[in-house]
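Peer 1: I have a structure here, written as structure tokens, and I will follow up with some questions on it.
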Amino acid sequence: MMHKILSIGELLLRFESVENSNTSSNNIFASYPGGSEANVAVALSALDIPVSYFTVIPDNSLAENAIDKIQDAGVDTSSILKKEGRLGLYFLQDPNGLTKGEVIYDRKYSSFYSVEEKEIDWNSIFGDCTWLHWTAITPALSDKWAHLMKQCLDEAKKRNLFISVDLNYRNKLWNYGKFPLEIMPDLVQSCDLIMGNIWASNKMLGTSITDELNRNTTKKEYFIYAQKVSKELFSIYPKCKHIANTFRFMDNSNHNLLYGTYHTPKGNWQSESLETNVLIDRIGSGDAFMSGLIFAICKEYSPQETIDFATGIGFKKLFIKGDFYQKNNITL
């Protein structure tokens, strides 16, 4: 079946300091459009999967320039809503993208954050799409967006859409008085595909975890534990038929080790490990993995081919600057 994917979430603008040999201070910034859901949309388009992207943006040139880049990548942006406000931002203090506190968000009261339920036309947004992709970032923004995502998922179920979720855990965003475990389990009940990792699954869905798992845990041990978690998820979420996990380890700012696991009710598979000590940009690697996973399922790859392809796409993103996985950088 040929799918058209709808990816829904907030468009962001990323700023990061750029080293400049002419000055002693880092007061020069580069900017890149991004946001997990936009990243997935652009990567899917690069992989020649039809894709639509919905977000809410202000009517200004900063937002328009970002949308132009997404349109130029071949993504359908016709359902995007414009309203007063501003574009959400995030600041990357470490240009290598190590996720240990270097990301600062400035998203509150953006156009996306401030949208009202009455402004959203689900019929227009869904259009002819057959697959909905969303992430745990959206219900992390506010109680209102947790409610809107429930509406969105209910609408997707009415249309019999395939639904995928990325359990992106952003502890800095869950600050409106609700914990992920109060919100996410109900939303994930609608999903056919759950992607994330064993730690995010524990934080958001309450699955098992142990402090004994660490950097020295072997790949075989992680695979066994991932199978344990997948069994729990299949039991709790009977609609789900696909689960994938990334395992990413960063020993220093230039190092990245990545492998993935893939699970269905019929079996469990693990990719080879891909490792580099020279990389360009970590941001968007998980989104590229998600896109590779969606692509492989759409194309009905075998389970082993599916996890190998997703892991390979996630790894390739490490060598592309910016949040987006660009088509001219792809060698399949």
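Peer 1: Need one number: % antiparallel among DSSP beta bridges in segment 183-332, to the nearest 5.
Peer 2: On the way: 14 of 18 bridges.
Around 80 percent antiparallel, to the nearest 5.
Peer 1: Select from Ile320, Ser124, Leu153 the residue farthest towards the positive end of the dipole of the chain; place +1 on Cβ of Lys and Arg, -1 on Cβ of Asp and Glu, and compute about the Cα centre.
Peer 2: Highest projection toward the positive end goes to Leu153.
Peer 1: Would you be so kind as to identify which of Leu11, Val40, Tyr169 lies farthest towards the positive end of the dipole of the chain, taking Lys and Arg as +1 and Asp and Glu as -1 on Cβ and the Cα centre as origin?
Peer 2: Most positive-ward Cα: Tyr169.
Peer 1: Quick one: putting +1 on the C-beta of Lys and Arg, -1 on the C-beta of Asp and Glu, what dipole do you get for segment 206-332 around its Cα centre, in Debye to the nearest 20? Mind dumping the intermediate values first?
Peer 2: Values: 15 positive and 13 negative charges, 58 e Å.
So the magnitude is around 280 debye.
Peer 1: Carbon and sulfur together cover what percent of the accessible area of the chain at a 1.4 Å probe radius? Mind dumping the intermediate values first?
Peer 2: Values: 6950 of 14300 Å².
Here it works out to 49 percent.
Peer 1: Would you compute, from DSSP H runs of 4+ residues alone, the mean residue ellipticity of the chain at 222 nm, taking -39500 (n - 2.57) per run and dividing by the full residue count, rounded to the nearest 500?
Peer 2: -10000 deg cm²/dmol
Peer 1: On to the next question. Measuring with a 1.4 Å probe in the full set of protein chains, what accessible area per residue, in whole Å², belongs to the chain? List each step's numbers first, then the result.
Peer 2: Values: 14300 Å² over 332 residues.
Per residue, the chain has an accessible area of 43 Å².
Peer 1: What number comes out for the charge environment of Phe54, summing +1 per Lys or Arg and -1 per Asp or Glu over other residues with Cβ under 11 Å away? Display every interim value, and only then the final one.
Peer 2: Details: positive: none; negative: Glu10, Glu37, Asp76, Asp121.
Summing Lys/Arg as +1 and Asp/Glu as -1 gives -4.
Peer 1: Something else: Would you work out the charge dipole size for segment 158-204 about its Cα centre, treating the Cβ of every Lys and Arg as +1 and the Cβ of every Asp and Glu as -1, and quote it to the nearest 20 debye?
Peer 2: Here segment 158-204 has a charge dipole of around 160 debye.
Peer 1: For segment 211-332, what does the alpha-carbon gyration tensor say about shape, rounded, prolate or oblate, given a ≥ b ≥ c as the root eigenvalues, a/c under 1.5 as rounded, and a/b over b/c as prolate? Walk me through the intermediate numbers first.
Peer 2: Numbers: a/c = 2.22, a/b = 1.27, b/c = 1.74.
Taking the square roots of the gyration eigenvalues as a ≥ b ≥ c, segment 211-332 is oblate.
Peer 1: Sorted by packing (mean other beta-carbon atoms within 10 Å per residue), highest first, where do 251-257, 126-132, 281-287 land? Mind showing how you got there, number by number?
Peer 2: Working: 251-257: 14.3, 126-132: 19.4, 281-287: 24.7.
Result, highest mean first: 281-287, 126-132, 251-257.
Peer 1: Something else about it: Compute the relative contact order of the chain as a whole-number percentage, counting only Cα pairs closer than 8 Å that sit 6 or more residues apart in sequence.
Peer 2: Numbers: 659 pairs, mean separation 54.3, N = 332.
Computed over the chain, the figure is 16 percent.
Peer 1: Using a cut-off of 14 Å between beta-carbons, work out the net charge of the residues near Gln151 (Lys and Arg +1, Asp and Glu -1, Gln151 not included). Don't jump to the answer; show the numbers that get you there.
Peer 2: Working: positive: Lys118, Lys144, Lys150, Lys157, Lys158, Arg159; negative: Glu116, Glu117, Glu119, Asp121, Asp143, Asp154, Glu155, Asp186.
With Lys, Arg at +1 and Asp, Glu at -1, the net is -2.
Peer 1: Let me ask something else about it. Taking the dipole about the Cα centre of the chain, with the C-beta of Lys and Arg at +1 and of Asp and Glu at -1, give me whichever of Tyr222, Thr276, Ser78 is farthest to the positive side.
Peer 2: Farthest along the dipole direction, towards plus: Tyr222.
Peer 1: Suppose every K and R has +1 on its Cβ and every D and E has -1 on its Cβ; what is the size of the dipole of the chain about the Cα centre, in Debye to the nearest 20? Please list the in-between numbers first.
Peer 2: On the way: 34 positive and 39 negative charges, 119 e Å.
With Lys and Arg at +1 and Asp and Glu at -1, about 560 debye.
Peer 1: Per-residue accessible area for Lys299 at 1.4 Å probe radius, Å² rounded to 10?
Peer 2: My reading of the accessible area for Lys299 is about 90 Å².
The values are calculated or read from the model by the stated rules, or taken from the named source; none is laboratory data. Note that the coordinates shown come from a computational prediction; the quantities given were computed from them, not determined experimentally. FYI the Cβ positions are ideal-geometry reconstructions off the backbone, even for glycines, and counts take in every protein chain you see. Just the protein is used for accessible areas: all its heavy atoms, side chains included, with ligands, DNA and RNA removed. Shrake-Rupley method; radii C 1.70, N 1.55, O 1.52, S 1.80 Å.
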